[in-house]
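One structure is given below, encoded as structure tokens.
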Amino acid sequence: MEQQAFPRTHYCGTVRTEDIGKTISVCGWAQRSRNLGGLIFIDLRDRTGIVQLAFDEHTPKDVFDKAFTVRSEYVLAATGVLRERSSKNPDIPTGDVEVEVTKLRIVSRAETPPFEIVENSDVNDMLRLKYRYLDLRRPDMQRAILLRHKIGKVARDYYDEQGFYEIETPILTKSTPEGARDYLVPSRVHPGKFYALPQSPQQYKQLLMLAGFDRYMQIVRCFRDEDLRADRQPEFTQIDLEMSFVDVDDVIEVNEGFLKRVFYEILGVELETPFPRMPWKEAMERFGSDKPDLRFGFELKDITHLVKDCGFKVFSGPATSGGSVRLINVKGGSTFSRKEIDSLGEFVKTYQAKGLAWLKLSGDQRSSSFAKFLKEEEVDAILEAAEAQDGDLILVVADTSNEIVFAALGALRCECARRMNLLDPREYRFLWVTEFPLLTYSEEEGRFVAEHHPFTAPMDEDLPLLESNPLRVRAKAYDIVLNGTELGGGSIRIHQTELQEKMFSLLGFTEEEAQAQFGHLINAFRYGAPPHGGLAYGFDRLVMLMAGVPAIRDVIAFPKVQNASEPMTACPSPVGDKQLDELSIAITRKEED
RNA sequence: GGCCCAGUAGUUCAGUUGGUUAGAACGCCAGCCUGUCACGCUGGAGGUCGACGGUUCGAGCCCGUUCUGGGUCGCCA
């Protein structure tokens, strides 16, 4: 019977030349073994790195024989004397030393894994996720998960120092019809009734302000039953916070402090604060997006007025019927081939643009899809507006819907930058986008809907417009944007009962409906509400950008795939009739397997 | 719900104009090997070409349908 204790003295990756001569014990997984016949080397791996175990003619025969049988991913516990290597490996931190093993325990054997446990593997995502526990053994995944832990720790430390309490809010909560689809949880005790998993702790954190906690934060799981993207999972984590007796500047200042701190502590990057701010309207006009990537130019230019009377209907049509014609100047874009420009045309069609007009200036050559339809001076005016120079590529989108023009050109400028390799993931350009519209009109529902949520406060100077022109009202809402990704967003909330009631009525709620859905909040306001506001970060996105990886999946230990299932556990899965019966649930439609 | 891309050995991929027994590298197994560290050398095993249907004398390759995954539009207060 082998001993069961693990007298580990060192983590594998931490041994150094200072430890030479010491008897040490290490535990871990066999990364690789090199069997030279009379000499065996095994790389032993744990979360800190790798150390080389050496077995040679001095090794006791039973130990040597055991080493002979070791295969990839066997779990080993080894004891021996740390010695200097006769030939060193400069590529790893422990490359100057090795363990001359005197005792070896094969703690568990392992089947050959379905893929190699190595850094930068480009194995199929599905396979990685099915065997996520193996995938997570890879050093890059270990680093990402550790980075996530450290960022969370900085957040807790920082907000604690700033006087925030971490307070938990319920996971079983009330469904609200505004916003994303809810994940529902049936109640056994109340047949036919459901809890909802929170899309965010929004209302609870406001109630905590009403309860007098003054400053709250929480690193909290949120749930939205919507389709996935590279930066969207059905369950994701927010750094959520709320503050009392503040206005926009106060929230922004505290959070600039956090971002400055976390980027310095984790990446050693010194961010300059305050970050630039840009009103939403300006962001749309200049970048066609409410989350502009500032790492490159290609800003939008409005040429509607220049083409109103031109003979080219593709331009003059939208220009004279409430739409717009806008362009971006892709500096140095004349290197794009005709084929590539055609593919950009296909690209904008995904944003419902009807097509892409272009003009290319390379040397004395001017080629264009539209110049032949315009007068010489009209083309010149467009080129002047675009500040076009030799080597540039002008891309024009015209549509009767401004939203489509913005969406298409906003996405196109990013796509061009991607194709031209202008995006340095180690350059961090932060931006506050402010003054979002308070409301938008939903054609589908035939009413106003809140752009942010129904508790967002209007800007003081726009209050009179609430009656006269609600769509012009700007909100005390702000997003923090990093390199074209919305990292977080928040707002100052309404704390006056009358204003809140006005908002609900604008949104088309009757008093009874508002009371039924938000009564807890409305009633709470009657008992003394402090002015308050807050912000929530997409924690996964923050970690993703700081880790320099392309998807939040890469910084979540057990993520879901595009159809919202999880390959390892194969959830969601059917449940038994007994369970359903207890919940008073009948299945009316089934997925075919 | 729409669009784009991918699916061939355990893994990553190649596979010509539709034509013999579908290949490579890594991994795996066996043997040899005392300073390797992507060890080396020799040999070997390993395939429902995602699935179904069609065209054809003949399909990994062409056509249709479908499944799975990735990206994206819609959606995501």
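The values are calculated or read from the model by the stated rules, or taken from the named source; none is laboratory data. Everything numeric here is computed off the predicted structure, so don't read it as measured data. Reconstructed Cβ throughout: ideal geometry from the backbone, glycine too, with neighbour counts over all protein chains shown.
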Yes/no for A:Y264 being assigned to a strand (DSSP E or B) and on the phi < 0 side of the Ramachandran plot: no
Candidates A:P234, A:P274, A:P292 - the one that is at pLDDT 95 or above and more than 30 Å from A:Q562 (Cβ to Cβ): A:P274
Filter segment A:198-219 down to the residues that are more than 16 Å from A:P531 (Cβ to Cβ) and more than 12 Å from RNA strand B (Cβ to nearest atom) and list them by number. A:M217, A:Q218, A:I219
Residue list for segment A:1-37, restricted to those being closer than 29 Å to A:F115 by Cα, out of contact with any Ser or Thr (no Cβ under 7 Å at 6 or more places or on another chain) and of a type outside the set (D, E, K, R): A:F6, A:H10, A:V26, A:C27, A:G28, A:W29, A:Q31, A:S33, A:N35, A:L36, A:G37
Taking A:E116 and the conditions (1) acidic (D, E); (2) at pLDDT 95 or above; (3) surrounded by 12 or more Cβ atoms within 10 Å (Cβ to Cβ); (4) within 12 Å of RNA strand B (Cβ to nearest atom), which numbered condition does it fall short on, given that it satisfies the others? (2)
Out of segment A:205-227, which residues are β-branched (V, I, T) and either part of a loop (DSSP other than H, G, I, E, B) or touching a helix residue (DSSP H, G or I) at 6+ places or on another chain (Cβ under 7 Å) (or both)? A:I219
If we keep only residues of segment A:434-458 that are in contact with a Gly (Cβ under 8 Å, 6 or more places away or on another chain) and under 16 Å from A:H495 (Cβ atoms), then the residue farthest from RNA strand B (Cβ to nearest atom) is A:A457
Count of residues meeting criterion [part of a loop (DSSP other than H, G, I, E, B) and surrounded by fewer than 16 Cβ atoms within 10 Å (Cβ to Cβ)] in segment A:487-526: 4
Of (1) touching a Gly at 6+ places or on another chain (Cβ under 8 Å); (2) away from RNA strand B (no atom under 11 Å from the Cβ), A:G538 satisfies all except one. Which? (2)
From the set of residues in segment A:88-106 that are β-branched (V, I, T) and surrounded by fewer than 16 Cβ atoms within 10 Å (Cβ to Cβ), which is farthest from RNA strand B (Cβ to nearest atom)? A:T102
Identify, from the list A:R128, A:R148, A:R132, A:R137, the residue that is buried (at least 17 other Cβ atoms within 10 Å of the Cβ) and within 12 Å of A:V555 (Cα to Cα). A:R148
Evaluate the following for A:T9: is it within 12 Å of RNA strand B (Cβ to nearest atom), outside any strand (DSSP E or B) and in contact (Cβ under 8 Å) with a residue 12 or more places away in the chain? no
